[in-house]
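Below: the structure, in structure tokens.
Just so you know, all these numbers are worked out from the coordinates, no wet-lab data involved. It should be emphasised that the depicted structure is a prediction, and the values quoted were computed from it without experimental measurement. Cβ placement follows ideal geometry from the backbone for every residue including glycine, while neighbour counts extend to all protein chains displayed.
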Amino acid sequence: MEMKQINFYRPNEEHGYLSNFSNHSVEINGKMWKTTEHYYQAMKAEGTPHEDVIRECPTPRMAKKLGREAQLRTDWESVKDGIMLVAVDAKFHQHKELADALLGTGKETLVEHTCYDSYWGDGGDGSGLNMLGKILMDVRGAIRRERLDKLVKAARLTIKNFTFDEERLDFICRIMEGYCKHCGAKLTEDKLGGSRCYCMMEE
């Protein structure tokens, strides 16, 4: 099966939940952030009064503007990838419906498609690094592994003398409420009355 590419950029478009501008709050380090964009931009001024000024911005667009105007911390280039990972990981672990949607993308390549950013995005022509897309795929893989691990642990409690191997994964997923063996997402009913996952629709 040929892998497809999923492009995203604006939060009001298809797959907009992947954007840092999507309207999903996160709690990180004991503070609430309106969006992951708020957190990322505020960390440019961590420990200064500007951090809370950015955190309290009414929109992610304004938070981004103030973040660009803030005096960057001296270690920013070495920590910004880790900060983005913390934000994205929190978003998809704290919102189950988003985690389900992310898993539903299967193994497809996720790309922030924009000519305005060649680091976090693809530069509009594929020449950019697409670091946000790569982080999203890393988080997707982590959530997939976590869910499958839970299924295996539950099966060990359910089945006497249970031992796990790849060939038994189909059986495990059937008995544990119908989860997808490929991505760990809950299976949904298709038009024919069967159960399938979005990541298998193109198979």
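Less than 14 Å Cβ to Cβ from G133, Lys/Arg counted +1 and Asp/Glu -1: what total charge do the surrounding residues give?
Net local charge, G133 excluded: -2.
From the C-alpha gyration tensor of region 1-88, pull out the three semi-axes of the equivalent ellipsoid (sqrt of 5λ each), sorted largest to smallest, in whole Å.
Sorted largest first and rounded, they come to 25, 15, 12 Å.
Arranged by the count of other C-beta atoms within 10 angstrom, fewest first, what order do Y116, Y39 take?
Y116, Y39
Quick one: of K44/K153; K44/K107; K44/K96, which pairs are farther than 30 Å apart, Cα to Cα?
Check vs 30 Å cut-off fails for K44/K153; K44/K107.
Using the Karplus curve 6.51 cos²θ - 1.76 cosθ + 1.60 with θ = phi - 60°, work out ³J(HN,Hα) for each residue of region 53-69 in order, rounded to whole Hz, and write x for Gly and Pro.
Each residue's phi maps through the Karplus curve to give 4, 5, 4, 8, 4, x, 9, x, 5, 5, 4, 5, 4, 5, x, 5, 8 Hz.
Which three extents, in whole angstrom, do the alpha-carbon atoms of region 93-143 cover along their principal axes, largest first?
Here the spans come out as 31, 20, 15 Å, largest first.
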